[in-house]
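Below is one structure, written out as structure tokens, with a few remarks after it.
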Amino acid sequence: MAKKVLIVYAHQSSSSFNAAAKNIAVEVLTAQGCTVEVSDLYAMGFKATATAEDIKGDLKDAENFSYLEESKLAWEQGRLSDDITKEQSKLTEADLVIFQFPMYWFGVPGILKGWFDRVLTNGFDFSQDEPYCLETLKDKKAMLSFTTGSPESMFCTIGINGDINVTLWPLQNGILHYCGFQVLPPEVFWAPALTAAADRKKMLARWRTRLQDLLEEEPLSFTPLDWFDKETFQLKPEHISEEFGLSVGIHLSNPLPSQS
Ligand SMILES: Cc1cc2nc3c(=O)[nH]c(=O)nc-3n(C[C@H](O)[C@H](O)[C@H](O)COP(=O)(O)OP(=O)(O)OC[C@H]3O[C@@H](n4cnc5c(N)ncnc54)[C@H](O)[C@@H]3O)c2cc1C
């Protein structure tokens, strides 16, 4: 059956490198027979702040407003704002979600953070009571595809920015894995603005090649949930590895620095 792909795209300019990466993904995946939908967040004027306006009708407790509680209730009762509901429908349909963005402050642009805050609703795709366990998204793949301002040499274990896997841990583990996605390895376009035009073309050509088999790729592996104690959510003693130290995998299977 034809696969459905959602690209959540966060760049202001249609002549940017991010736009080029997004356009190639649309082109290659469509040519494979996929149905590709793009949520172009800036073009949509997507609201980035999680507020009471996201909920239709009366609030349960307007005086002590809790976004976590009120949005969960509104989701259960079909009272979330139309823009959130629309994005959730796209997510429900998708087999693969690609987040395409420029790195901002070691993370995502605010408009994309707003998409995570508002669309990934408590109860819909994550549960506080059962972290990492909700099954709504378990058959879906998701990945980060992004550009940086810094070259790769700054984002390694001896680089001034540290290991890129650590930078990506809040996104790949704290959002995507937490919500139950299978997380594909990221596509990192290192510092396109500092790169010669010919090498930028090579980066996009590599992306084009990767896209051919993207849907068949193996996801990253995270520590199995049954390795954690059910009360403390800490690694069981038998799974604390001598090689990697007291690690739940933040370095994605690379040894922690010895002085850590
Ligand atoms: C608020 C803020 C915070 C930031 N924080 C960080 C941070 O924490 N870490 C970090 O590393 N960086 C950071 N940056 C830098 C940011 O990540 C980069 O500016 C961004 O990733 C560059 O991507 P772009 O798409 O905007 O590139 P662009 O500037 O649009 O493009 C780069 C080059 O590619 C060219 N290009 C466009 N299309 C094509 C094409 N089809 N083929 C070939 N070349 C093409 C462009 O003409 C340009 O020369 C930050 C920037 C901002 C504004």
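Does any residue of region 179-196 turn out to be open to solvent by 70 Å² or more (accessible area, probe 1.4 Å) and either more than 30 Å from Gly123 (Cα to Cα) or at pLDDT 95 or above (or both)?
yes
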_Among the residues of region 1-19, what is the count of those that are of a type in the set (A, V, I, L, M, F, W, C) and assigned to a helix (DSSP H, G or I)?_
2
*Just need a number here: residues in region 114-148 that are assigned to a loop (DSSP other than H, G, I, E, B), away from the ligand (no atom under 16 Å from the Cβ) and either open to solvent by 10 Å² or more (accessible area, probe 1.4 Å) or not charged (D, E, K, R) (or both).*
18
*Can Pro151 be described as in contact (Cβ under 8 Å) with a residue 12 or more places away in the chain, within 16 Å of the ligand (Cβ to nearest atom), out of contact with any Asp or Glu (no Cβ under 6 Å at 6 or more places or on another chain) and open to solvent by 60 Å² or more (accessible area, probe 1.4 Å)?*
no
*Within region 1-19, track down each residue that is under 16 Å from Arg206 (Cβ atoms) and either open to solvent by less than 30 Å² (accessible area, probe 1.4 Å) or out of contact with any His (no Cβ under 9 Å at 6 or more places or on another chain) (or both).*
Asn18
*asked:* Quick check on Gly180: is it small (Gly, Ala, Ser), at positive phi, in contact (Cβ under 8 Å) with a residue 12 or more places away in the chain and not in a helix (DSSP H, G or I)?
replied: yes
*Hey, among Met154, Met203, which residue is under 23 Å from Gln32 (Cα atoms), in the same structural domain as Gly107 (by TED's automatic domain parsing) and part of a helix (DSSP H, G or I)?*
Met203
*Limited to region 209-260, what total is found for residues that are of a type in the set (S, T, N, Q), assigned to a loop (DSSP other than H, G, I, E, B) and at pLDDT below 80?*
6
*Within region 159-175, identify whether any single residue is under 23 Å from Lys47 (Cβ atoms) and touching a residue at least 60 places away in the same chain (Cβ under 8 Å), and answer yes or no.*
yes
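Yes/no per residue for (1) over 20 Å from the mean Cα position of the chain (by Cα); (2) assigned by TED's automatic domain parsing to the domain that holds Lys140; (3) closer than 18 Å to Ile111 by Cα; (4) free of Cβ contacts under 8 Å to residues at least 12 places away in the same chain:
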{"site": "Ser15", "(1), (2), (3), (4)": "yes, yes, no, yes"}
{"site": "Asp40", "(1), (2), (3), (4)": "no, yes, yes, no"}
{"site": "Phe65", "(1), (2), (3), (4)": "yes, yes, no, no"}
{"site": "Leu68", "(1), (2), (3), (4)": "no, yes, no, no"}
{"site": "Trp75", "(1), (2), (3), (4)": "yes, yes, no, no"}
{"site": "Ile84", "(1), (2), (3), (4)": "no, yes, yes, no"}
{"site": "Gln88", "(1), (2), (3), (4)": "no, yes, yes, no"}
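The values are calculated or read from the model by the stated rules, or taken from the named source; none is laboratory data. Every value quoted in this text rests on a predicted model; they were computed, and no experiment measured them. Here Cβ is always computed from backbone atoms with ideal geometry, including for glycine, and neighbour counts include all displayed protein chains. We work out accessible area using only protein heavy atoms, side chains counted, and drop any ligands, DNA or RNA first. Shrake-Rupley method; radii C 1.70, N 1.55, O 1.52, S 1.80 Å.
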